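The values are calculated or read from the model by the stated rules, or taken from the named source; none is laboratory data. The shown structure was predicted, so the numbers you read here are calculated from the model rather than taken from an experiment. When we count neighbours, we look across all protein chains shown, and the Cβ atoms used for this are built from the backbone with ideal geometry, even at glycine.
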C-alpha cells in the first residue's frame, strides 16, 4: 500500500517550551494515540513540561518505522515520543521500559474526525484521493470510516482493537480525549488541577506551579497541525454523527464504547 503524506504547517511550539523552567524526564515516556483522537493536543500539552532536548519529534512512531526509531524508547536515555503503535510482539518489547499512555476518543466522534481528515486537502493518499471532491457522499464516507475499505483502509473495529483495546490490562494507562477537553474549558476549577496532576503523572511528570499557563499554551489550537481549523474540506460535515451511523458503529464494534467508558 502506498504511504500517506500529511501536508501540515510547521511546528512552532519549542520557543514557548523554552520560556519555562523544565525538569528532565527520568523515565522514557510514550504517547500512543489512536489515530484522529487528539494526539497532537495531548502531545503539545505534555511537551510544555519536558525539556526540548528530550522531545523525540522526528516523526510519529509506528510499527513500519519502529526499527528506525528504537532510540526514542531506550531505557538509559529518557525521551518523550509519540506515535500510533499497534499491539504486537515487537511493539510490546520496544515499550517495555516506557511509561505508556493510550489516548482514545468516543468512536462516534472518531468517525467524523477521520472522515474530515481523509477528505481534506492536507491528507494525500494515492489510494484514497479519488474519494474527494464529491465523488462519494458524506454519508457514504462515514460508512467507509466505520467498516473500512477492503485493502485500503482499516475498519473502526480494527483501529481501536489494535491501537487501544489490546493494550488494556497490560500496564498502559488509558486517557480519554473528551476528559482533557472538558477540563481545558475550566482550568481554574480544583477538579482541573487534580485531573492534570494525574494526567502528567502518567508520563512521570510532576505538576508545576505555573501549570495552567503551560497547559493554555500547549493546548492552543494554532499549534495543532491537524486541528479542524487547519483542514480544508470541500464537503460539509455534520457536527454530530447521524443516528443511523451511531447504530452502525455499535453493530460493527459491539461493546466498544462501553469498554472505553462512553456508554
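For this structure, a couple of remarks:
- Residue count for the range 189-218, restricted to those that are assigned to a loop (DSSP other than H, G, I, E, B) and more than 26 Å from residue 109 (Cβ to Cβ): 7
- In the range 137-158, the residues that are at negative phi and surrounded by 14 or more Cβ atoms within 10 Å (Cβ to Cβ) form Cβ pairs under 6 Å with partners that are modelled with pLDDT of 95 or more and outside any helix (DSSP H, G or I), at six or more places apart or across chains, as follows: 147/155; 156/253; 157/253.
- Matching residues in the range 7-59 - criterion: being over 18 Å from the mean Cα position of the chain (by Cα) and outside any loop (DSSP other than H, G, I, E, B): 14, 15, 16, 17, 52, 53, 54
- In the range 207-237, residue modelled with the lowest pLDDT [restricted to those that are touching a strand residue (DSSP E or B) at 6+ places or on another chain (Cβ under 9 Å) and more than 13 Å from residue 40 (Cα to Cα)]: 231
- Test: residue in the range 85-93 that is assigned to a loop (DSSP other than H, G, I, E, B) and surrounded by fewer than 16 Cβ atoms within 10 Å (Cβ to Cβ): yes
- Counting only helices (runs of 4 or more DSSP H) that sit wholly inside the range 94-183, those with at least 1 residues that are at pLDDT below 95 and more than 17 Å from the chain's Cα centre (by Cα) are 138-147.
- Single unsatisfied condition, residue 13 versus (1) surrounded by fewer than 12 Cβ atoms within 10 Å (Cβ to Cβ); (2) at pLDDT below 95; (3) within 22 Å of residue 219 (Cβ to Cβ): (1)
- Pairs, first in contact (Cβ under 8 Å) with a residue 12 or more places away in the chain and at positive phi in the range 92-104, second part of a strand (DSSP E or B) and surrounded by fewer than 23 Cβ atoms within 10 Å (Cβ to Cβ), C-beta under 9 Å, six or more apart: none
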